[in-house]
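Q: Here you go, one structure.
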Amino acid sequence: MKRNFILSLFLLPSFLFAQEGIKTLIKAGKFFNSEIGIFQSEIGIIISNNKIESVKFYSEVTNKEKSECKLIDLSKYTILPGLIDAHTHLLNNETILPENKYEGLDMMKTLTMVGDAYRAIYGSVKAKAYLEAGITSVQDLGNAGQFADIALRNSINEGLVIGPRMRCAGMALAAEGGTIPKIIYKHRAILNEEYRIVVSPEDATQAVREVITQGADIIKIYSNNTINITSLSIEEMKAIVNEAHRYGIKVTAHSTNNQAAYNAVISGVDGIEHGDQIQDSTFQLMAKKGVIFVATHMDDFTSKKYFQLAYPDRWEGIVKFSQEIKRKSIQSAIKNGVTIAAGSDDNLNLKMPFAEASKRTLVSYFESGMTIPEILKAATINGARQLNWSNNIGIIKHGYLADIIAVDNDLENNINAILKIHFVMKDGNIYVNN
């Protein structure tokens, strides 16, 4: 019995669970108030179980409150809500093939030689890294085989796997061809392993019911297929939106050019993903309808790594051209009053630590002219809105879930401070404290 007890100590998880009935007081050096987009100083945050009980100036915390709480002194750091990545692919790890003339070739390898079981294991490792990097909630938008993302989400919720909160799309809805071109006709059924192929407005309604039944929290559609020339019709997208909204579930659309974004917006979607080539008129319509723009941009550092792998002999000019397009996109969205939510589209093997590419998306926004408060709102309160969790996460205030991170105190003036995490709390439990 004694031996088993000692052994069990070595098997305990490395994070700390919140103890029922014990309150925690966090003393912050600086505090980012995501609700109003400002930095404040000398703030005290009282946490009861897994929720925020109060936020006030530390000088206003009473002696009684101090005596009732366990103190966590983070006065050397800046405190902010846990980060939210509104466009991830935790279970996808695409190898970049130099001068690839057959887009989707690595996905075909995944479908035929890797499989969902490996992807789920890979995703669990990546999920843990995300959480430890300060990303406490994500929206996972497909490329997870047949609902392996939902299995990962459920495993995290049950405490079997450590990771962020997940909103999951399950299988994304696409037109014939998905995003994998040049498949011989007799083998096209392989696409059903990765996408729900839609063939009519009636089938679109059925497709929504199928993925919701499997546990999808969000419907992801391909307004255009990027690589293939096929695309969902406006009638099909309207049918998807109507059915999803009937269940209180949002729809977000992969749209890489202006026409695809415009078609999706007039169909009633809630979000546009990517959107590098969106014109002012479409951004104006998005602002009018309250459609969120999830700008999945790479910073200069990540873009250089990508294009060096993809085009080793001619990467320099491509990097410059690509980054200029993305910066114009962000500037146009801001000019036209569009709400931006942070999303990385992190699905590539860039030979970087897990989660770094996700957080470098925030650096890319700074390079595109967003202010640091605007960027942090995109990765907190705006992300919560896109995930349909506005009343639970994205803000540190009374009644919200205790998702809190700490970074170096110069974040107010240096966006790169977001890359180094000193403290992570999710749902009142501490995962990083150094």
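The values are calculated or read from the model by the stated rules, or taken from the named source; none is laboratory data. A quick note: this is a predicted structure, and the numbers were derived from the prediction, not measured. Using ideal geometry, Cβ is built from the backbone for each residue, glycine included, and neighbour counts are taken over all protein chains shown.
Q: Return the residues of segment 292-323 that are within 24 Å of V138 (Cα to Cα) and either polar (S, T, N, Q) or touching a strand residue (DSSP E or B) at 6+ places or on another chain (Cβ under 6 Å) (or both); say none if nothing qualifies.
A: If the condition is that a residue be within 24 Å of V138 (Cα to Cα) and either polar (S, T, N, Q) or touching a strand residue (DSSP E or B) at 6+ places or on another chain (Cβ under 6 Å) (or both), then I292, F293, V294, A295, T296, T302, S303 are the ones that fit.
Q: Please determine whether any residue of segment 208-215 is at pLDDT 95 or above and crowded, with 24+ Cβ neighbours inside 10 Å.
A: Yes, the conditions are met somewhere in segment 208-215.
Q: Every residue in segment 182-206 that is surrounded by fewer than 16 Cβ atoms within 10 Å (Cβ to Cβ), of a type in the set (V, I, T) and either in a helix (DSSP H, G or I) or in contact (Cβ under 8 Å) with a residue 12 or more places away in the chain (or both), please.
A: I190, V199 - these are the residues of segment 182-206 that are surrounded by fewer than 16 Cβ atoms within 10 Å (Cβ to Cβ), of a type in the set (V, I, T) and either in a helix (DSSP H, G or I) or in contact (Cβ under 8 Å) with a residue 12 or more places away in the chain (or both).
Q: Answer with yes or no whether N100 is closer than 15 Å to A357 by Cβ and either of a type in the set (A, V, I, L, M, F, W, C) or modelled with pLDDT under 95 (or both).
A: So N100 fails the test.
Q: Then there is this: In segment 75-110, how many are surrounded by fewer than 23 Cβ atoms within 10 Å (Cβ to Cβ), among the aliphatic types (A, V, I, L, M) and within 22 Å of I135 (Cβ to Cβ)?
A: 0
Q: Please determine whether any residue of segment 276-285 is part of a helix (DSSP H, G or I), touching a Leu at 6+ places or on another chain (Cβ under 7 Å) and either touching a residue at least 12 places away in the same chain (Cβ under 8 Å) or not basic (K, R) (or both).
A: no
Q: So, one more: May I ask you to verify whether L80 is outside any strand (DSSP E or B), touching a Leu at 6+ places or on another chain (Cβ under 9 Å), under 25 Å from R385 (Cβ atoms) and in contact (Cβ under 8 Å) with a residue 12 or more places away in the chain?
A: For L80, the condition - outside any strand (DSSP E or B), touching a Leu at 6+ places or on another chain (Cβ under 9 Å), under 25 Å from R385 (Cβ atoms) and in contact (Cβ under 8 Å) with a residue 12 or more places away in the chain - is not met.
Q: Could I ask something else about it? Looking at segment 155-181 only, could you name the residues that are more than 26 Å from A204 (Cα to Cα) and either within 12 Å of the chain's Cα centre (by Cα) or surrounded by fewer than 23 Cβ atoms within 10 Å (Cβ to Cβ) (or both)?
A: S155, I156, N157, E158, G159, L160, V161, I162, P164, R165
Q: A follow-up question, please. Could you list, in sequence order, the residues of segment 236-264 that are surrounded by fewer than 24 Cβ atoms within 10 Å (Cβ to Cβ) and hydrophobic (A, V, I, L, M, F, W, C)?
A: A239, V241, I249
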